[in-house]
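A quick write-up on the structure given underneath.
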Amino acid sequence: MTRIFRILFCSALLCVCAGMQAAKPGTFTVGEGTFLLDGKPFIVKAAEVHYPRIPRPYWDHRIKMCKALGMNTVCIYIFWNIHEQQEGQFDFSGNNDVAEFCRLAQKNGMYVIVRPGPYVCAEWEMGGLPWWLLKKKDIKLRERDPYFMERVKIFEQKVGEQLSGLTIQKGGPIIMVQVENEYGSYGEDKPYVSEIRDCLRGIYGSELALFQCDWASNFEKNGLDDLTWTMNFGTGANIDQQFKRLGELRPNAPKMCSEFWSGWFDKWGARHETRPAKAMVEGMDEMLSKGISFSLYMTHGGTSFGHWAGANSPGFAPDVTSYDYDAPINEYGHTTPKYFELREMMQKYSDKKLPAVPKAPMPIITVPKFELKTFSDLWFAIGKEEKGTLKTFEEMDMGWGMILYTTTLPEIPVQSVLTAEIHDFGQVFINGDYIGKIDRVKNEKSITLPPVKKGQKLNILVEGMGRINFGRAIKDYKGIIGDVTLTADVDNNEVTWKPQLWWHLAIDDSYETAVKTIKMVENSNMNRPTEKSKSGYYRGYFNLSKVGDTFLNFETWGKGQVWVNGHAMGRIWSIGPQQTLYVPGCWLKKGKNEIIVLDVVGPKQPVVWGQAEPELNKLQLEKSNKHNNIGDKPDLNSDTPAASGAFSGGNGWQTVKFAAPAKGRYLAIECRSTQKAGDRVAIAEIYLQGQDGKRLSRESWTTKYATSEEENGNHMGDKVFDLQESTYWRTEKGSAAPHLLYIDLGSVQTVTALEYLPRAEQGAPESVKDYRIYIK
Ligand code: GLA
Ligand code: CA
C-alpha cells in the first residue's frame with residue numbers, strides 16, 4: 001500500500017468509526033439503581049418515533065431532530081400487521097425496512113430500544129395485530145392460544161432475522177427490547193408474558209436487556225421477576241407517586257418512564273388534544289434530576305397513513321389520520337415552542353453543546369384550489385361477490401374497505417325499525433333511495449324504515465374503519481355482526497323479520513381498485529356525479545413547479561380515503577377535528593400530480609387546495625358532544641344512596657364498599673364537595689365491583705348525563721371509563737361542586753363497591769370529597 005493510500009484508507013476507517021457509535025461490541029446492563037452502558041452509569045433519554053409514520057426519505061432528518069433535542073436513544077414499536085399483511089408474506093422493504101432505520105439511528109450516534117409487541121397499542125389498527133388472525137373465530141388474542149402463539153413466534157423470528165444482528169453485544173445500536181405492552185390493561189397472565197419473554201430471549205440472546213412497561217397501578221399483575229419494570233404515565237403526573245411501589249418492591253432497580261406522554265392522540269368528532277409544554281418539561285427535568293431514564297412518547301408522532309389508524313374503546317372512538325400528538329416535533333417534522341423549551345432544559349443535562357437543529361428536508365408549499373372532475377360510482381368498484389347468510393369482512397377474507405349488503409324485502413305496510421350491529425359506518429338505502437345512517441361512533445344500532453313493498457331492495461353499505469387497539473375489544477370484526485332484524489307493529493302485533501339471503505358485494509380500499517374504477521368510466525357519460533349517486537371515486541390533478549410538503553384541505557368532502565400519486569394518505573371525515581391531510585413533498589413531483597378521493601358519503605363540493613398549515617382542530621358536528629339534555633337528568637330525590645361518605649385527598653385508587661349489594665342499570669355519582677373548597681370537579685377513572693368483588697366490564701357503559709363537562713380538552717363524562725388513568729372528566733371553569741355524573745351501564749348489574757381514581761397530578765387537583773353514590 002502506498003503511503004498516501006494508507007492515509008486515505010485509515011482516515012476513511014476513522015470516519016466510519018466516529019459516525020458509528022458502538023460499532024464495536026458493547027454492553028448494556030442493569031446495575032444498582034441505574035442502567036450501565038459498557039459498565040458505566042447511563043440515563044436513557046429516548047425519543048419515541050414510529051418508522052411507518054414517517055416517509056423513509058425523512059427518517060434521517062427526524063432522527064437528527066431528536067438528537068438535537070439532547071436524546072441519546074430512539075424507541076420504536078414494530079407493527080406486526082404492516083410487515084405481514086397476508087399470512088406468511090413478510091415485507092421489510094422500503095418504508096418497512098426497520099433494520100435500515102436502526103442503522104440510520106446508529107449512524108447518527110443514537111441507541112435504539114425496540115418494542116416488538118406482538119401487541120403494541122399505539123393508536124394503530126388492532127394494536128399492531130394482523131386482522132387475518134380473526135379468520136379463526138375462536139382465537140384468543142394475547143393469550144396462550146396455540147394458533148396465536150404459533151403466528152407470534154414466526155413473526156418474532158422474522159423480525160429477529162432483521163434485527164438480532166444489531167444488538168449492542170454485536171456492535172449494533174439496540175440496547176433493550178420490550179416484552180409485550182401494558183399487559184395489565186388487558187389481563188393477568190404471567191405464563192403468557194413469560195412465553196413472549198422466552199421467545200424474545202431465544203431470538204436476541206440472554207445478554208440483551210429485556211423489560212416490561214405498564215402503569216404503576218397495574219404492574220404487579222404481570223411483572224416478571226427477571227425483567228426490568230418501567231412505568232408509563234403522562235405529562236403532569238406525580239412522579240414520586242408513580243415510582244413508589246417499584247421503590248418498595250425493588251429498591252435497587254433503575255427507574256425508567258417507558259412512555260412519558262408529551263401530548264395525546266385525537267379521535268374523530270372530538271377536539272384536538274394538547275398538553276402544556278411547561279408541565280411536560282418540568283416532569284422531564286424532575287426525572288433527569290433524580291436520575292430517572294425516560295422515553296418521550298411521542299417525540300415525533302408523524303402520520304397514520306392509509307388505513308392504519310386504530311380506534312379506542314369502550315365505545316368505538318376511531319383515531320384520526322394525524323398522529324401529531326402535540327409532540328415537540330410536529331407531524332411534519334418541524335420544531336414547535338415545546339421543542340425549544342425542552343431543548344433548553346435538556347442542554348442542562350448534557351456536557352456537550354447540543355447539535356444544531358437540522359433544516360427541514362423540504363420547503364412548505366401551497367396549491368391553489370382545483371376541482372376533481374372525474375367521478376366513478378362505487379358500483380364499478382365491486383370485486384368479490386358472495387350470496388348466503390350474513391358474513392363479516394373477515395369471513396369474506398377481506399381486511400379493509402366496504403361491503404354492500406343487499407337483500408329483498410318482504411311487504412311491511414307500516415314503518416319498521418331496522419336493528420343491526422354495524423362496524424363501523426352503515427348507510428341504508430331502499431331501492432336506491434337513501435334512508436339514513438347507522439354510525440358506530442354514535443353508538444347507533446337501529447334506524448326507522450318507511451313502509452315497504454314486497455320485492456324492494458334493501459342495501460346497506462358498510463365501511464370499516466380502524467380496528468380497536470386497546471382493551472378487550474381488540475377482537476373487532478368488521479361489517480354486519482350478527483343478524484339484521486326488522487320489527488314493526490302490525491295490527492297491534494309486534495312482527496319481526498330476519499332476512500336470511502344476502503348478496504355481499506365487496507369493495508377493497510386499494511389504490512389499484514380506485515384507479516381501475518375511474519378508468520372504467522373515464523371516457524363515458526357516467527363520469528359525473530348525480531344527485532342520487534355522489535358516493536364514489538373522484539380524480540383530479542394538480543401541477544407543481546416546485547415540490548414541497550403541503551396540507552391538502554378536505555373540509556368540503558364527506559368521509560373516506562385519499563391517494564396522492566398512488567400513496568395512501570389516510571382517512572378523511574367532515575366531522576373533524578382534522579380537516580387537512582399532511583402530504584409529504586417526497587411523494588410529490590414537478591409537473592402533474594394525481595389525487596383520488598374515495599368519498600363514501602359524497603362531497604358538498606369536489607374541490608381541494610393545499611395550504612401551508614395543517615387544520616387539526618375544526619369540528620363540524622351536527623350537535624355538541626355534551627351530555628346535558630335535561631330530560632336525561634335522573635330524579636334522585638326519593639332514592640337511597642348505595643353509599644355516601646367522603647374520599648380522602650391525594651393520588652391513588654380508593655374503594656368504597658357498599659353496605660349491601662345494589663342492583664340497577666345506572667350509576668349516579670353526586671360529587672357534593674371537593675377537597676379544596678371552590679374547585680371544579682374532576683375524576684380520572686371509576687370501576688364498579690360485582691357480586692364476586694371483581695371489576696365489572698365497562699365495555700357497554702355510556703354517559704347519560706353530566707351537570708357540566710369541559711369540552712375544550714375533551715374532559716367529557718366518558719373519560720371516567722376510558723381505561724386511561726391520565727385522562728379525566730372535568731366540569732367547566734368556575735363550576736364549583738356539587739356536580740352529578742350519570743352513567744348507563746348498558747344492562748342491570750349487581751354492584752358491591754365503587755373504585756375511584758382522582759387525577760394523577762401532584763396533590764390530585766379538583767378531587768372529590770363528599771359523595772353520594774346511587775345505583776338506579
Ligand atoms: C399506552 C400504549 C401506547 C399508546 C399510549 C397512548 O401507553 O402503550 O402504545 O397507545 O398508551 O398514546
Ligand atoms: Ca380516564
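The values are calculated or read from the model by the stated rules, or taken from the named source; none is laboratory data. As the structure is a prediction and not an experimental result, all values here were calculated from the model. Cβ placement follows ideal geometry from the backbone for every residue including glycine, while neighbour counts extend to all protein chains displayed.
Has the range 156-163 got any residue that is within 16 Å of ligand 2 (Cβ to nearest atom), in contact (Cβ under 8 Å) with a residue 12 or more places away in the chain and of a type in the set (D, E)?
No.
Which residue is nearest to ligand 2 (Cβ to nearest atom), if the candidates are limited to the range 126-135 and must be aliphatic (A, V, I, L, M) and more than 10 Å from the chain's Cα centre (by Cα)?
Here the answer is L129.
Among F305, F294, which is the only one that is in contact with a strand residue (DSSP E or B) (Cβ under 7 Å, 6 or more places away or on another chain) and either surrounded by fewer than 24 Cβ atoms within 10 Å (Cβ to Cβ) or part of a loop (DSSP other than H, G, I, E, B) (or both)?
Exactly one of F305, F294 is in contact with a strand residue (DSSP E or B) (Cβ under 7 Å, 6 or more places away or on another chain) and either surrounded by fewer than 24 Cβ atoms within 10 Å (Cβ to Cβ) or part of a loop (DSSP other than H, G, I, E, B) (or both), namely F305.
List pairs: first residue in the range 37-55 and over 20 Å from R343 (Cβ atoms), second residue part of a loop (DSSP other than H, G, I, E, B) and among the aliphatic types (A, V, I, L, M) anywhere in the structure, Cβ distance under 8 angstrom, at least six positions apart or on different chains.
Final answer for the pair search is H50/A122.
Could you look through the range 648-670, keep only residues that are surrounded by 18 or more Cβ atoms within 10 Å (Cβ to Cβ) and within 20 Å of Q724 (Cβ to Cβ), and pick out the one that is modelled with the lowest pLDDT?
Among those that are surrounded by 18 or more Cβ atoms within 10 Å (Cβ to Cβ) and within 20 Å of Q724 (Cβ to Cβ), it is N651.
Of P614, P577, which residue is part of a loop (DSSP other than H, G, I, E, B), touching a His at 6+ places or on another chain (Cβ under 8 Å) and not aromatic (F, W, Y)?
On inspection, the qualifying residue turns out to be P577.
Among the residues in the range 161-179, are any closer than 30 Å to G315 by Cα and crowded, with 17+ Cβ neighbours inside 10 Å?
Yes, the range 161-179 has at least one match.
Could you go through the range 451-473 and let me know if any residue there is modelled with pLDDT under 95, more than 39 Å from the chain's Cα centre (by Cα) and not in a loop (DSSP other than H, G, I, E, B).
No: zero hits.
Looking only at the range 372-386, decide whether some residue is touching a His at 6+ places or on another chain (Cβ under 9 Å), closer than 30 Å to F542 by Cβ and buried (at least 21 other Cβ atoms within 10 Å of the Cβ).
no
In contact with a Phe, Trp or Tyr (Cβ under 7 Å, 6 or more places away or on another chain) and either hydroxyl-bearing (S, T, Y) or at pLDDT below 95 (or both), is that true of T517?
yes
Could you please find all residues in the range 677-704 being under 19 Å from A736 (Cα atoms) and buried (at least 22 other Cβ atoms within 10 Å of the Cβ)?
Those that are under 19 Å from A736 (Cα atoms) and buried (at least 22 other Cβ atoms within 10 Å of the Cβ): V681, A682, I683, A684.
Confirm whether E123 is in contact (Cβ under 8 Å) with a residue 60 or more places away in the chain and within 16 Å of ligand 2 (Cβ to nearest atom).
Criteria met by E123.
Can you tell me which residue among K546, K559, K532 is basic (K, R), surrounded by fewer than 18 Cβ atoms within 10 Å (Cβ to Cβ) and closer than 23 Å to Q427 by Cα?
K532
List the pairs whose first member sits in the range 723-743 and is at negative phi and crowded, with 17+ Cβ neighbours inside 10 Å, whose second member is of a type in the set (A, V, I, L, M) and assigned to a loop (DSSP other than H, G, I, E, B), and whose Cβ atoms are under 6 Å apart, counting only residues at least 6 apart or on separate chains?
Qualifying pairs under 6 Å: E725/A684; E725/A760; S726/A760; Y728/A684; T731/V681; A737/V681; H739/V681.
Quick check: anything in the range 673-685 without any contact (Cβ under 8 Å) to a residue 40 or more places away in the chain, within 16 Å of ligand 2 (Cβ to nearest atom), within 26 Å of the chain's Cα centre (by Cα) and closer than 30 Å to F260 by Cβ?
no
Do you know which residues across the range 326-351 are of a type in the set (K, R) and either surrounded by fewer than 14 Cβ atoms within 10 Å (Cβ to Cβ) or on the phi > 0 side of the Ramachandran plot (or both)?
Selection gives K348 alone.
Quickly run through the range 273-282 and pick out the residues that are surrounded by fewer than 24 Cβ atoms within 10 Å (Cβ to Cβ) and either closer than 16 Å to F470 by Cβ or within 16 Å of ligand 1 (Cβ to nearest atom) (or both).
E273, T274, R275
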